[in-house]
Amino acid sequence: MGIKFYQEPKLEKPDLIVGWPGIGNIGIIAIDTLRETVKAERFGEIEPWDFFYPKRILIKDGELKDMEFPSNKFYFQRTNKKDLIFFIGEEQPSELGEAYARGEKAYQMANLVLDVGLKFGCQRVYTSGAAVSLIHHTTKPRVWAVPNREELIDEVKGYENTILMSDIAGRGGQGTITGLNGLLLGVAKKRGLDGICLMGEIPVYLQGFPIPYPEASKSVVEVLATKLGVKIDLSSLDDLSEQVERQIENLYQKIPSEVKERLDQLKYATYTKQAEPEPITEEDKKKIMADIDKFFKKKSEES
Amino acid sequence: MSENPRFKIHKPPNLQNPSLLVGWSQDIGKLGPRVIDYLNKKLGAEEFGEIEPEGFSSFGGVQIEDNVIQFPESKFYSCQKNNLLIFKSNPPRYEHYKFLNSVLDFAQHYDKVNELYTLGGIASLMSHTAPRRILTVVNQPESKEMLARHGLETGMDYESPHGQMPSLNGFLLWLAKRRNITGVNLWAEVPFYLAAVEDLKAIKYTLGFLNKRFELNLDFGDLDLKIRQQNERIKQLTEQNLEVNKYIEMLERGIMLSEDENEELTKEMTEFLEGG
């Protein structure tokens, strides 16, 4: 179990920005877009064999030529405002065939990523993921920001288009961040590093679909880029967003009209605490969720 | 090494740079386990050690096979007379990299193993009356000439499709290459409708290669009898079931079956052979 460096750049207190796949691949797409935008350079990797089964074999003329594993790579860039380290993990190490890491392997992976951050003087870590929300897909997703220290709350409150867990009605500031995008920040806290998880909202009815949700990634990139003082080019995300939007609209047309009517109510729903009366009632929300569950349960049984 | 808690040694073997044969308990056409059981029995191989399943198995209960409770086993056998080291195991559920390295650690430490052969079946869209072939994958190109001399196929091109994991045998071959151990994956073709039962013809063909390669002087009279019996059983089914007969005739003429037809043929054949 080790880390391989291709080069050891000299960096000054870099921020570590980390992405793994998750719901809608919101986090990894956001972080990878930022990495590409700043043209970060690859400088190391975590050796994959202890964490992953190979994903591809190449045999040519009867000879084993290559065995490919999910990649776990580090990149760096020095920007005007901040030095940055990126880590992109192609898969979360999972022992039970689940999509999210847990257990010993997850803890080992989190520590290896932080080992690299600490080696280069990192003091802060960002991760990103999905926030499954009662929103409509035509609504601009907000970003749920969760810091790993109380002292960071005020800073996070200043981010644009961002809310805290305590802003969400009925949650009392509680919640769970599944997998490594959450675990890493817990381990970072244990090791004395600041950490913030930025989760882009995805409509509840899209969480189970095997398609990305780049609109939420865009919201996350906007927050991160502002914070890091990086100029961003969102054209690649816009292209992807258009494609996905068409897929979602196609799907939406197939939904029975009574369910669609309920989903359309989400355009006017708010689930955050607010002074004004909500456009839809709690009872409406419950009905929407029940209809969504019923529809997608039926779909899944049919397939 | 001997203190490694994963290893349990009953009796250290005395082999000189042996060849290591590896087979997995669950296999297409039951090829790997049947070849190994046959060799162990005929060559009088002795069990001498095992890898403990802790950390590699789920322990979420037990499997029942042929009415009997099973438990994961990963056992080494030695055959001094023929200088063979044999490993038969349930595939690990977790920690594949660690497990496969343990197999090679064990084999290299106790016996300085110098070559590896993995045994496996590969489902093929062929009829059971067609001659079997063994497809090979090597980790050193020098091995190909010897394999071709034995009539094995040595020119396979393959890239695993997206989402399909490489086999455990391929993974082991790759690890062996990293340790400079010459290795070969032997893939015996098995008609797809015999995948869940024994394909005795493929088993015999694989044993035939090993017999020549390691000069084992095995007599396959008993296997020939079993093959005749299996063919006789399949004939009974084709006489009783005209659809099955039609599908097999189509395969014999090189006509592809539809997915539904493949499924039906497999279901009928498996139920009939397992029932009898």
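The values are calculated or read from the model by the stated rules, or taken from the named source; none is laboratory data. Nothing here was measured: the structure is a model prediction, and the numbers come from that model. Please note: Cβ atoms are built from the backbone with ideal geometry, for glycine as well, and neighbour counts cover all protein chains shown. What goes into the accessible areas is simple: the full protein's heavy atoms, side chains included, and nothing from ligands, DNA or RNA. Shrake-Rupley method; radii C 1.70, N 1.55, O 1.52, S 1.80 Å.
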Any chance A:L118 is in a helix (DSSP H, G or I) and either open to solvent by less than 20 Å² (accessible area, probe 1.4 Å) or within 14 Å of another protein chain (Cβ to nearest Cβ) (or both) = no
Test B:G120 against the stated conditions and say whether it is small (G, A, S), outside any loop (DSSP other than H, G, I, E, B) and either over 25 Å from B:A202 (Cβ atoms) or within 14 Å of chain A (Cβ to nearest Cβ) (or both).
-> yes
Kindly indicate which of A:K60, A:K65, A:K82 is surrounded by fewer than 16 Cβ atoms within 10 Å (Cβ to Cβ) and either more than 11 Å from every other protein chain (Cβ to nearest Cβ) or in contact with an Asp or Glu (Cβ under 7 Å, 6 or more places away or on another chain) (or both).
-> A:K60
Only one of A:A130, A:A30, A:A110 that is outside any loop (DSSP other than H, G, I, E, B), open to solvent by 10 Å² or more (accessible area, probe 1.4 Å), among the small types (G, A, S) and away from chain B (no Cβ under 14 Å) | A:A130
Determine, yes or no, whether A:S133 is within 17 Å of the chain's Cα centre (by Cα), in the same structural domain as A:S71 (by TED's automatic domain parsing) and more than 29 Å from A:F52 (Cα to Cα).
-> yes
What about A:L228, is it in the same structural domain as A:K82 (by TED's automatic domain parsing) and not aromatic (F, W, Y)?
-> yes
Count - residues of region B:78-110 that are open to solvent by less than 40 Å² (accessible area, probe 1.4 Å) and farther than 24 Å from B:S57 by Cα = 4
Report those strands (runs of 3 or more DSSP E) wholly inside region B:1-111 carrying at least 3 residues which are of a type outside the set (A, V, I, L, M), in the same structural domain as B:K201 (by TED's automatic domain parsing) and on the phi < 0 side of the Ramachandran plot.
-> B:19-24, B:46-51, B:74-79, B:84-89
Within region B:33-52, work out how many residues are touching a Pro at 6+ places or on another chain (Cβ under 9 Å) and open to solvent by 20 Å² or more (accessible area, probe 1.4 Å).
-> 2
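Okay, residues lined up against (1) open to solvent by less than 30 Å² (accessible area, probe 1.4 Å); (2) touching a residue at least 40 places away in the same chain (Cβ under 8 Å); (3) within 14 Å of another protein chain (Cβ to nearest Cβ):
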residue	(1), (2), (3)
B:L168	yes, yes, yes
B:L173	yes, yes, yes
B:R179	no, yes, yes
B:T182	no, yes, yes
B:A188	yes, yes, no
Just checking, how many residues over region B:149-166 are facing another protein chain (nearest Cβ under 7 Å) and open to solvent by 60 Å² or more (accessible area, probe 1.4 Å)?
-> 4
